[in-house]
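For reference, the structure discussed in these notes is given below.
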Amino acid sequence: LSEIIEDEIKQNSLRREFPKSFKSHFSKIENKKITYHKDFTNIPFVTIDGEDSKDFDDAVWSITNDDMTTIMVAISDVSFFIEKGDPLDIEAKKRGNSFYFPDRVIPMFPEIISNNICSLVPEKERACLVIEVKIKDFKIFSFNIHRARIISVARLTYNKVDEIYFKRITEHKNFVLIENLFKGYKTLEKMSVSRNKINFITEEFQIIKEINNDFFFRKKKRLESYKLIEEFMVLANETVAKYLKINKLNSIFRNHEKPKEEKIKELKKILKENELYDNENFKDQQDFNNILNKIREKKNFINDALLRTQAKAYYGNKNCGHFGLGLDYYTHFTSPIRRYF
C-alpha cells in the first residue's frame, strides 16, 4: 500500500515539503493577538470528527427554546492569520487542498498551522468566523456572521456522539450539548425534506488491513452524527453564499444545475426496463426521491443510474444554486484549513 501511495504522489507531482524559510513566519502568526473578534468563549462549542482527525476547522453548538432553534457553526478564521499574498497563502494556493491517504496526510498548510494555530483544539482560545442562524417554524428567521473568539469544550468523534446520544448516557458531561445538537439536526433534516433535497444511497469503505499486497475493506457505518455535521455544514455554506449574493460580493459559488435532457432520457429507459418508471419528468428533486424511496436497500445499480443522471457540480463566480441540495445559494466555506478559496 505504501509503495502504491508513493507512486501516486510522484506521478501527480504533489508538493510534500514546505520551504525552510516558512519557519520565520510561524512565531509571528503564533503571537498574533486576537483583539477585535467578539467574545463567544462562553458558548460551549464542540468539534465532531473522525478518530484520526487532527485538523479541526469547524465546531458546532445549538439550543432549542420553545419554537426557536439557534444554531452556531464556528469555522477557523485562517484568513486572520494568513493574509493574501503571504508566502504561506501562495504555497496553499499552489497545493489547492490537503490530500488524504490511508496512511498519511499531505496538508495544504504546515502542521503547526493546520494542527495547532488554526485548529479548533479543545480548551484553547481560537479565532473563528461564526455563522449564527435562528430558525422558527422550520424557516430561517434570521442570520448573522461574526468574527469571534471561541473555546471548544470537547473533541468528540462520530462514534462517541452516536453512542452517547442513542444509548442515552445521560451522565456523560456532554450529553446535554449533544442532545441539543440533535434537536437542531432534526429541525434541519425536516427543512431538507421540505425542499426535496435528493437523498442518494451512498456507501463508504475504508482499508482496514493489508496482507501480501491484498487490501481488505470494511463498509463504514452510516452514523447519524455524520448526517448531523453534514446538515450543519450545508446550513453554514448556504448562509454564507446567501450573504455574498445579497451583498453583491465577488466570490466563488458551488453550483449544481438540473440534469440535461439526454441524461434524463437514458434514465427513463433504464427505469422502464426495470418497471420503475411512473411518468416522472425529473425536472425537480421530488421525482428522484420517489425512485430512491422505491429502491431503498436494494437495486443499487438504479441508484448509480440516478447519480449518473446528475450534472457535475462546478465552481463559478456566478451563483446558480444547487439542484441536489434544493438550495438557491451554495458555496464551500467550511474547510479553510484543507481547501483553498
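The values are calculated or read from the model by the stated rules, or taken from the named source; none is laboratory data. Since the structure is predicted, the reported quantities are computational estimates derived from the model, not experimental observations. FYI the Cβ positions are ideal-geometry reconstructions off the backbone, even for glycines, and counts take in every protein chain you see. Please note that ligands, DNA and RNA were not included when accessible areas were found on the heavy atoms of the full protein model with its side chains. Shrake-Rupley method; radii C 1.70, N 1.55, O 1.52, S 1.80 Å.
Can SER62 be described as touching a residue at least 24 places away in the same chain (Cβ under 8 Å), open to solvent by 40 Å² or more (accessible area, probe 1.4 Å) and not basic (Lys, Arg)?
On the way: touching a residue at least 24 places away in the same chain (Cβ under 8 Å): yes; open to solvent by 40 Å² or more (accessible area, probe 1.4 Å): no; not basic (Lys, Arg): yes.
For SER62, the condition - touching a residue at least 24 places away in the same chain (Cβ under 8 Å), open to solvent by 40 Å² or more (accessible area, probe 1.4 Å) and not basic (Lys, Arg) - is not met.
Looking only at residues in region 27-46 that are more than 18 Å from VAL133 (Cα to Cα) and open to solvent by less than 30 Å² (accessible area, probe 1.4 Å), the one that is farthest from the chain's Cα centre (by Cα) is ILE29. Screening region 94-103 for residues that are surrounded by 13 or more Cβ atoms within 10 Å (Cβ to Cβ) and over 19 Å from the mean Cα position of the chain (by Cα) and picking the one that is modelled with the highest pLDDT gives ARG95. ASN42 falls short on exactly one of the conditions (1) touching a helix residue (DSSP H, G or I) at 6+ places or on another chain (Cβ under 6 Å); (2) under 26 Å from ILE145 (Cα atoms); (3) at pLDDT 90 or above, and that condition is (1). Cβ-Cβ contacts under 6 Å between residues 6 or more apart (or on different chains), taken from a first residue in region 180-202 that is on the phi > 0 side of the Ramachandran plot to a second residue that is part of a helix (DSSP H, G or I), are listed as ASN196/GLN285; ASN196/GLN286. Per the listing LEU276, LEU325, LEU292, LEU249, the residue uniquely open to solvent by less than 60 Å² (accessible area, probe 1.4 Å) and over 21 Å from LYS227 (Cα atoms) is LEU276. Looking across ILE117, ILE164, one residue alone is farther than 30 Å from ASN300 by Cβ, out of contact with any strand residue (DSSP E or B) (no Cβ under 6 Å at 6 or more places or on another chain), in contact (Cβ under 8 Å) with a residue 24 or more places away in the chain and of a type in the set (A, V, I, L, M). It is ILE117. When LYS38 is tested against the conditions (1) of a type in the set (D, E, K, R); (2) closer than 15 Å to GLU125 by Cβ; (3) in contact with a Ser or Thr (Cβ under 8 Å, 6 or more places away or on another chain), the lone failure is (3). Cβ-Cβ distances below 6 Å connect the following pairs, each with a first residue in region 69-93 that is surrounded by 15 or more Cβ atoms within 10 Å (Cβ to Cβ), a second residue that is part of a strand (DSSP E or B) and of a type outside the set (A, V, I, L, M, F, W, C), and a separation of six or more residues or different chains: THR70/LYS134; ILE71/SER62; MET72/GLU132; ILE75/ASP58.
Every residue in region 317-337 that is within 16 Å of the chain's Cα centre (by Cα) and not in a strand (DSSP E or B), please.
Selection gives GLY324, LEU325, TYR329, TYR330, THR331, HIS332, PHE333, THR334, SER335, PRO336, ILE337.
Taking region 124-147 as the range and being touching a Lys or Arg at 6+ places or on another chain (Cβ under 7 Å), over 22 Å from GLU179 (Cα atoms) and either of a type in the set (A, V, I, L, M) or part of a loop (DSSP other than H, G, I, E, B) (or both) as the test, the residues that pass are ALA127, LEU129.
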